[in-house]
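Notes follow the structure.
The values are calculated or read from the model by the stated rules, or taken from the named source; none is laboratory data. Everything numeric here is computed off the predicted structure, so don't read it as measured data. A quick note on method: Cβ atoms are made from the backbone with ideal geometry, for glycine too, and the neighbour counts reach across all protein chains shown.
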Amino acid sequence: MKNNENKLSHDTKGELSGVLVVVEHVGAEVSPSSLQLTGKGRELADQINKKLMTVLIGENEESLNKMTADLISHGADIVYISQHKELAEYTTLPYVRVVADLIKDIKPEIVLFSASTSGRDMAPRIAARIQTGLTADCTNLVIDDFDDPISKNKYQKVLFQIRPAFGGDVMATIVSPDHYPQMATVRRNVFEVPPEDKSRKGEIIKFESNITGPDLCLSIEEIIRQTKKTVDLKKARIIVSGGRGLYKQSEKGFKLIKELADLLGGEVGASRGAVDSGWIDHGHQVGQTGQTVKPEVYIACGISGAVQHIAGMSGAKMIIAINKDSNASIFRYADYGLTEDVFEVLPKMIEYLKKEKNIEN
């Protein structure tokens, strides 16, 4: 590379400022995924004995001030605010300019983005501008020492970036010890939102970025908000999910699953196989390319237990698996397992619950 002025080597690590979380929001509300990242960022910052910083980008001063208080109460030490009329809605180049300029200025050790549409759009462009690495779609982040088996170098307190690889068949651990900042996009709902502490104090710094003409080559003509009702499975206490095991009678199978979920006060989930087969809408999908959930009870009906699906529901407090294939991988993760036909078990469960609730057929 001809231009190395933005590259930070391992030798400069002592000059780095801490952990930076790039915050997403809708209106005056910080997105849940950004609050989750703030909690994890707080943990990482404490482990490297540095500050947790966040950056808020937008137009409305009142909204930005409200969100600043939310971020500080959830763990941020410093909130950088970039306010500009061209930043009212996310557009690629202006947002990339703001974050890249901020990173060059404050030199964070770690930068975290949500693995959302905008986060996945922004992060690789910023990585290219500042000449550093990026690990996408992480499901965990850990600070640890690293002994490089090739160079024989020893590194202290490096960010281990953990993510599914090879279609989810293995979990890869990626490190970038020689160049900073260490950057990652992080999947939603893999971390908890930290407890709020309104007594916390933090610093607010306004950051002006040099948004120029080339950054404004695209403009938003119209915004159409999605009006279709979505299923927020992450809030469900109980989820009953169906998979490819329902293939012989998929319509009947999901009718039974919905009936059971309704009786339990839960929601309907599905595996990718069921969604790809067109049996149910993608909004119900649980797994690597769907929603990550942590219900009190997860009932997997006719689901084999592919790694991609397990990645989205392994945080459930109790997993109940129903699958007539006794060798199905799902049983390795289940607290309770039934090697029975779903179409024989579900009607019996529904009948029992109806009797308990005095509901007539």
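The set of residues in the range 275-285 being buried (at least 20 other Cβ atoms within 10 Å of the Cβ), out of contact with any Phe, Trp or Tyr (no Cβ under 8 Å at 6 or more places or on another chain) and not polar (S, T, N, Q) consists of V275, H284. Got at least one residue in the range 174-197 being surrounded by fewer than 12 Cβ atoms within 10 Å (Cβ to Cβ), in contact (Cβ under 8 Å) with a residue 60 or more places away in the chain, more than 24 Å from the chain's Cα centre (by Cα) and not in a strand (DSSP E or B)? No, every residue in the range 174-197 fails to be surrounded by fewer than 12 Cβ atoms within 10 Å (Cβ to Cβ), in contact (Cβ under 8 Å) with a residue 60 or more places away in the chain, more than 24 Å from the chain's Cα centre (by Cα) and not in a strand (DSSP E or B).
Residues in the range 91-118 that are touching a residue at least 12 places away in the same chain (Cβ under 8 Å) and farther than 26 Å from Y180 by Cβ: T91 only.
If only one of D70, D121 is crowded, with 17+ Cβ neighbours inside 10 Å, within 22 Å of the chain's Cα centre (by Cα) and acidic (D, E), which one is it?
Values: D121 fails: crowded, with 17+ Cβ neighbours inside 10 Å.
Criteria check complete, one pass: D70.
Give the residue, chosen from I310, I303, that is outside the structural domain of T185 (by TED's automatic domain parsing) and touching a strand residue (DSSP E or B) at 6+ places or on another chain (Cβ under 8 Å). Talk me through it step by step, then tell me what you get.
Working: I310 fails: touching a strand residue (DSSP E or B) at 6+ places or on another chain (Cβ under 8 Å).
That would be I303, the only listed residue that is outside the structural domain of T185 (by TED's automatic domain parsing) and touching a strand residue (DSSP E or B) at 6+ places or on another chain (Cβ under 8 Å).
Selection over the range 107-137 of residues that are in a helix (DSSP H, G or I) and touching a helix residue (DSSP H, G or I) at 6+ places or on another chain (Cβ under 7 Å) gives a count of 6.
Working only within the range 310-323, note down all residues that are in a strand (DSSP E or B) and touching a Gly at 6+ places or on another chain (Cβ under 8 Å). Talk me through it step by step, then tell me what you get.
Kept after step one, since they are in a strand (DSSP E or B), are these residues of the range 310-323: 318-322.
Residues satisfying the conditions are I320, A321, I322.
With respect to the conditions (1) surrounded by fewer than 11 Cβ atoms within 10 Å (Cβ to Cβ); (2) in a loop (DSSP other than H, G, I, E, B); (3) modelled with pLDDT under 90, P214 lacks only one, and its number is (2).
Total residues in the range 246-298 satisfying the condition of being farther than 19 Å from I350 by Cα and among the charged types (D, E, K, R): the figure is 6.
Of all residues in the range 66-92, those satisfying the criterion of being modelled with pLDDT under 90 and not in a loop (DSSP other than H, G, I, E, B) are Q83, K85, E86, L87, T92. Of note, R272 satisfies the criterion of being buried (at least 16 other Cβ atoms within 10 Å of the Cβ), touching a residue at least 24 places away in the same chain (Cβ under 8 Å), touching a His at 6+ places or on another chain (Cβ under 9 Å) and not assigned by TED's automatic domain parsing to the domain that holds E62. The residues of the range 157-166 that are more than 17 Å from the chain's Cα centre (by Cα), of a type outside the set (A, V, I, L, M) and surrounded by 12 or more Cβ atoms within 10 Å (Cβ to Cβ) amount to a single one, K157.
Among the conditions (1) in a loop (DSSP other than H, G, I, E, B); (2) in contact (Cβ under 8 Å) with a residue 24 or more places away in the chain; (3) of a type in the set (S, T, Y), the only one that S326 does not satisfy is (2).
This table checks each residue for (1) more than 24 Å from the chain's Cα centre (by Cα); (2) within 23 Å of S329 (Cα to Cα); (3) not in a helix (DSSP H, G or I).
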position	(1), (2), (3)
L260	yes, no, no
A274	no, yes, no
Q288	no, yes, yes
V293	no, yes, yes
Q308	no, yes, no
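Here are some residues: F146, F160. Which one is without any contact (Cβ under 8 Å) to a residue 24 or more places away in the chain and closer than 18 Å to T132 by Cβ?
Details: F146 fails: without any contact (Cβ under 8 Å) to a residue 24 or more places away in the chain.
That would be F160, the only listed residue that is without any contact (Cβ under 8 Å) to a residue 24 or more places away in the chain and closer than 18 Å to T132 by Cβ.
Here V275 passes the criteria (1) in contact with a helix residue (DSSP H, G or I) (Cβ under 7 Å, 6 or more places away or on another chain); (2) more than 26 Å from S34 (Cα to Cα); (3) modelled with pLDDT of 95 or more except the one numbered (3).
Within the range 35-52, the set of residues being over 23 Å from N189 (Cβ atoms) and in contact (Cβ under 8 Å) with a residue 12 or more places away in the chain comprises I48, K50, K51.
Against the condition within 27 Å of E221 (Cβ to Cβ) and β-branched (V, I, T), how does T139 come out, does it pass? Considered against the rule, which asks whether it is within 27 Å of E221 (Cβ to Cβ) and β-branched (V, I, T), T139 comes out as no.
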